[in-house]
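Reviewing the structure listed below.
The values are calculated or read from the model by the stated rules, or taken from the named source; none is laboratory data. Everything numeric in this text was worked out from a predicted model, so none of it was measured. Virtual Cβ from ideal backbone geometry, glycine too; neighbours counted across all protein chains shown.
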Amino acid sequence: MSKQYLQTHTLASTQPAADIFSLAPTPTHLFVGSGSSSIKIYSTKGQVIHADTAADEHPYPLAQTLEKVHPLGAHHVCSSQDGKVAASAGFGGELKIWEISEDGTSWSARGDVVPQDKKKAGESWAIALSEDGKYLAAATHDGRINVYDTTTTASAADDKTATQRIAQYETKGSFGLSVDLSSNGAMTASGHQNGSIYIFNNSTQRLAHSLTGLLKPVRAVRFSPACKFLAAAGDARIIALYDTLSGEQVANFSGHASWVMSLDWNWSGEFLLCGGYDGKAKIWSVERKECVATQTESEKCLWSVRWLPKSASMRNETFVTAGAGGTLAFYREASGT
Amino acid sequence: MVTVEYDYKDFDDLLAGVELLKDSSQESLTNAAADIDLHDDDNDCLMHGEICSSTPKETDNLLSDELMDASPSFHKLGLSQLPLPDVSRETEDERSAPLPQAVSDTTANASHSSSSEPSNRSSMSVTGKIEAVFEEIADALLQEKNELTLTLLRRTRPQKVSAMSPIETNKPPQSVVSKRICFPGKTAEEAWRFTVVVRILELTHEALRNGTVLSKRDIYYRDPALFGKQAHVDRYVDDIAFTFGVQRSKLNVTAVAKGLISGAINICRRDGSIVEASSDREGMLVPSLRDVLSINMTAVRWILVVEKEATFRSIAASTFWDMISAQGVMLTAKGYPDIASRAFLRWLSTSSPRNGFASPPVYGLVDFDPDGLAILSIYKHGSIRLAHENADLCVPQMQWLGLRREHMMIGGDDLHASQGLLSLTARDRRKAVKMLERCATQGNDAELQVRAALQDMLMLNTKAELQLLDAVPDGMTRLLMSKLGIL
């Protein structure tokens, strides 16, 4: 049995040749980090299936633009699961924390993450926020993972106070391509250029597992919603599933024709969404270990794919893909209404 | 003694009727010779060395009298046979003495040749400028000043050239540092620097007078003990050219060409010979433009510029090249391009009477890495270091053929192809970020593509080398055919 997904909306890029590198959905908004210097925030609240008004036909209006916050472009954006905190990382090495306003409509800067000793900290690349947004994990160019307390960020430009670092995990020195924090806060996972994957225990602050199986760069690691599994994928073109307690590989899904750039679990943990370098997005059923749907918007590389968080108004699951070419494509599961 | 050969050479320029490149140093030399013609007594002076040295004019009076007896070699004209070997063996202090001697010869001659318009001369020809510098030094010695001074303009890297692309060739670099070098100066190093500059000035002046061309290596090997490293020569030659506000070629200093070309062009040289660039499969060296009269490009429909020599050779050796070589030209500068190759490429691609008014499209094939894009940028817009020379060297219409992001997957799972894919090193990443800083956020498509490519490289943390195409059967062929539009 395969699932059907329909493309519901596309938002084409207004600027030419600005790739979208990263997506971070919250219950109310969608953060879009791209090659342009501004971060766009779209509203994902008002979703109706049948349009009653003209406004409803465009359920993803641009809510806010964080102008020129990353002059060289932003390569990673992430959000906390509770939807209150977001973070963005730019090509120039800057890390910024954002928080939502009291009424939940607009975002403002909380501050920059400034490490105490830049040399010791390393240059940040991939980032991930904890469930409540209190902790930010950042993987560096030389394979370290720093975990910062986001409440201690430097708020003003001249604020010299360093952001407090809760933990630093050192690995063998290979470029840290991806990082994730489990939703229960217990574990941190990282994927590296040399194919290594690590799981760290946050309470003991030690390495829990060193996972094998993928020999090529690991571009995405994600914990399942219940934190039982870790999915990892990359240039090896297979998605590997590991049990987080034992560290054993329990499954792998092959079928992608090109490098896997991004992956995401749906809210129930039943389906995995993966985006590839060839522009194809695939949805895998974890239980049946097979691909149940493939969507292609274009041949351009998909840098980031994400499920939109399930909300009461949303009857069918929706996901969004984005990549080279700068187009956001929204898909919704087709089902009998 | 009188050097009769010297005189004939001078008149050769007058009489030869060779077509001169506009603004060439030969032109200025010829003008200088023409001036000599106008003054009969000056002519006599040149013929008889003794007379010249014994009838000094204007400011050189006392100096030449004083120094005349100091060295037996004083009577020789021109700098070429001057006490060069002696100089290198002497100490630094003594070094300064013979040079002004020689200077007084040339300044004497110069003043003869340009007695009618002294100030205008020096503002127009490089020879005159050098001689003006020497005159100043001679003056200082004459007046028994404590220090001799030179002022050199040093090119500095513009600080943050953000949002500025292409490199604006008409504006001067953002900061020009003017350095005064004194002799003997405060340190031994300063004295050494003074000597180096004066030496280079002397050697280039000689080259200009004799109409010969020096390479930077030649200059270095004239006096390795003084210069120390080739890099010093390189730097000071460029600084001197920049101070005078001219291109390095006007100093009659060229770098030895390292570029290779192959394809459907015929080069007509000054000596009358015609060379076919297709004759040698290995490619021929890019000729010095001074030797070239014109290039026949009637068969050329495109120009392909390749970053690496290895790629150049593998294309030239392929059967595919046999099919297409009659329609185009391939050029490589073996990495970062030198001035000779850039000048040649500009000649080929810019419509002018000397290339049959041809302006074929130019395609660049470089690695997908920050260095590849930097090389492309230098061909297109010029280099930052030599920004003052860029106007005549850049080829802004060059198109980026590859490698591009979509070519990364060409190899699939092939082991050999995957060897063409490497991780970015820390240096690569730093370079990519620096280049991103200099990239414009607005601009035409081509510039935005370069910016996007740099971001892609950083995201993928992977670079692709041209060898990748060789590993895939027909990989290179397909890529070239897609753009070169043949067959």
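Is there a residue being within 23 Å of B:LEU421 (Cβ to Cβ) and not aromatic (Phe, Trp, Tyr) anywhere in segment B:348-364?
yes
Answer yes if at least one residue in segment A:49-67 is on the phi > 0 side of the Ramachandran plot, surrounded by fewer than 24 Cβ atoms within 10 Å (Cβ to Cβ) and either at pLDDT 90 or above or not aromatic (Phe, Trp, Tyr) (or both), and no otherwise. Full working, then the answer.
So in segment A:49-67, the residues on the phi > 0 side of the Ramachandran plot come out as none.
No, because not a single residue in segment A:49-67 is on the phi > 0 side of the Ramachandran plot, surrounded by fewer than 24 Cβ atoms within 10 Å (Cβ to Cβ) and either at pLDDT 90 or above or not aromatic (Phe, Trp, Tyr) (or both).
Kindly indicate whether any position in segment B:209-224 is farther than 23 Å from B:SER383 by Cβ, among the aliphatic types (A, V, I, L, M) and modelled with pLDDT of 80 or more.
No: segment B:209-224 contains no residue that is farther than 23 Å from B:SER383 by Cβ, among the aliphatic types (A, V, I, L, M) and modelled with pLDDT of 80 or more.
Considering each of A:ASP235, A:ASP264, A:ASP180 in turn, give the residue that is of a type outside the set (Gly, Ala, Ser) and in contact with a Leu (Cβ under 6 Å, 6 or more places away or on another chain).
Details: A:ASP235 fails: in contact with a Leu (Cβ under 6 Å, 6 or more places away or on another chain); A:ASP180 fails: in contact with a Leu (Cβ under 6 Å, 6 or more places away or on another chain).
None of the others qualify; the one that does is A:ASP264.
Restricting attention to segment A:220-240, does a residue exist that is aromatic (Phe, Trp, Tyr) and part of a loop (DSSP other than H, G, I, E, B)?
As a first pass, look at segment A:220-240 and keep what is aromatic (Phe, Trp, Tyr): A:223, A:229.
Retained after the next criterion (residues that are part of a loop (DSSP other than H, G, I, E, B)): none.
No, segment A:220-240 has no match at all.
For the structure I just gave you, tell me whether A:ALA257 is within 14 Å of another protein chain (Cβ to nearest Cβ), of a type in the set (Gly, Ala, Ser) and over 26 Å from A:SER183 (Cα atoms). If you could, list the steps in order and put the result at the bottom.
On the way: within 14 Å of another protein chain (Cβ to nearest Cβ): yes; of a type in the set (Gly, Ala, Ser): yes; over 26 Å from A:SER183 (Cα atoms): yes.
Considered against the rule, which asks whether it is within 14 Å of another protein chain (Cβ to nearest Cβ), of a type in the set (Gly, Ala, Ser) and over 26 Å from A:SER183 (Cα atoms), A:ALA257 comes out as yes.
What are the pairs, 6+ residues apart or on separate chains, where a residue within segment A:89-102 that is farther than 9 Å from A:LEU72 by Cβ and within 12 Å of another protein chain (Cβ to nearest Cβ) has its Cβ under 9 Å from a residue that is among the aromatic types (Phe, Trp, Tyr) and in a strand (DSSP E or B)?
From segment A:89-102, the pairs are A:ALA89/A:TRP125.
Could you figure out which of (1) more than 30 Å from B:ARG346 (Cβ to Cβ); (2) surrounded by 15 or more Cβ atoms within 10 Å (Cβ to Cβ); (3) at pLDDT 90 or above isn't true of B:MET408?
Among (1) more than 30 Å from B:ARG346 (Cβ to Cβ); (2) surrounded by 15 or more Cβ atoms within 10 Å (Cβ to Cβ); (3) at pLDDT 90 or above, the lone unmet condition for B:MET408 is (3).
Wholly within segment A:82-179, which strands (runs of 3 or more DSSP E) include no fewer than the required count, namely at least 2 residues that are within 24 Å of B:LEU454 (Cα to Cα)? Give the derivation first.
Details: elements: A:85-90, A:95-100, A:107-112, A:124-129, A:135-140, A:145-149, A:165-169.
Of the strands (runs of 3 or more DSSP E) lying wholly inside segment A:82-179, those with at least 2 residues that are within 24 Å of B:LEU454 (Cα to Cα) span A:85-90, A:95-100, A:124-129, A:135-140.
For segment B:451-475, enumerate the residues that are touching a residue at least 60 places away in the same chain (Cβ under 8 Å) and more than 10 Å from chain A (Cβ to nearest Cβ).
Filtering segment B:451-475 down to residues touching a residue at least 60 places away in the same chain (Cβ under 8 Å) leaves B:453-454, B:457, B:463-472, B:475.
Answer for segment B:451-475, where residues must be touching a residue at least 60 places away in the same chain (Cβ under 8 Å) and more than 10 Å from chain A (Cβ to nearest Cβ): B:MET457, B:LYS463, B:ALA464, B:GLU465, B:LEU466, B:GLN467, B:LEU468, B:LEU469, B:ASP470, B:ALA471, B:VAL472, B:GLY475.
Identify all residues within segment A:260-272 that are away from chain B (no Cβ under 14 Å), polar (S, T, N, Q) and touching a Phe, Trp or Tyr at 6+ places or on another chain (Cβ under 8 Å); write none if there are none. Explain how you work it out, then say what you get.
Keep residues of segment A:260-272 that are away from chain B (no Cβ under 14 Å), which gives A:263-272.
Those left that are additionally polar (S, T, N, Q): A:266, A:268.
Within segment A:260-272, A:ASN266 is the sole residue that qualifies.
I'd like the residue in segment B:265-295 that is free of Cβ contacts under 8 Å to residues at least 60 places away in the same chain and of a type in the set (Ser, Thr, Tyr) and, out of all such residues, is farthest from B:TRP321 (Cα to Cα).
B:SER273
Can we say B:SER262 is in contact (Cβ under 8 Å) with a residue 12 or more places away in the chain and either more than 18 Å from B:HIS388 (Cβ to Cβ) or surrounded by fewer than 22 Cβ atoms within 10 Å (Cβ to Cβ) (or both)? It would help to see each step written out before you state the result.
Working: in contact (Cβ under 8 Å) with a residue 12 or more places away in the chain: yes; either more than 18 Å from B:HIS388 (Cβ to Cβ) or surrounded by fewer than 22 Cβ atoms within 10 Å (Cβ to Cβ) (or both): yes.
So B:SER262 fits the description; yes.
Got a sec? Which of A:SER13, A:SER43, A:SER80 is modelled with pLDDT under 90 and more than 14 Å from chain B (Cβ to nearest Cβ)? Steps first, answer last, please.
Details: A:SER13 fails: more than 14 Å from chain B (Cβ to nearest Cβ); A:SER80 fails: modelled with pLDDT under 90.
From the options A:SER13, A:SER43, A:SER80, the qualifying one is A:SER43.
Taking A:GLU99 and the conditions (1) within 15 Å of the chain's Cα centre (by Cα); (2) within 27 Å of A:TRP267 (Cβ to Cβ), which numbered condition does it fall short on, given that it satisfies the others?
It is condition (1) that A:GLU99 fails.
Say we look at segment A:190-209 and pick out the residues that are part of a strand (DSSP E or B) and free of Cβ contacts under 8 Å to residues at least 24 places away in the same chain; which of these is nearest to A:GLY234 (Cα to Cα)?
First, the residues of segment A:190-209 that are part of a strand (DSSP E or B): A:190-192, A:197-201, A:206-209.
Now narrow it down to the ones that are free of Cβ contacts under 8 Å to residues at least 24 places away in the same chain: A:201, A:206.
Values: A:ASN201: 23, A:ARG206: 25 Å.
If we take residues in segment A:190-209 being part of a strand (DSSP E or B) and free of Cβ contacts under 8 Å to residues at least 24 places away in the same chain, then A:ASN201 is nearest to A:GLY234 (Cα to Cα).
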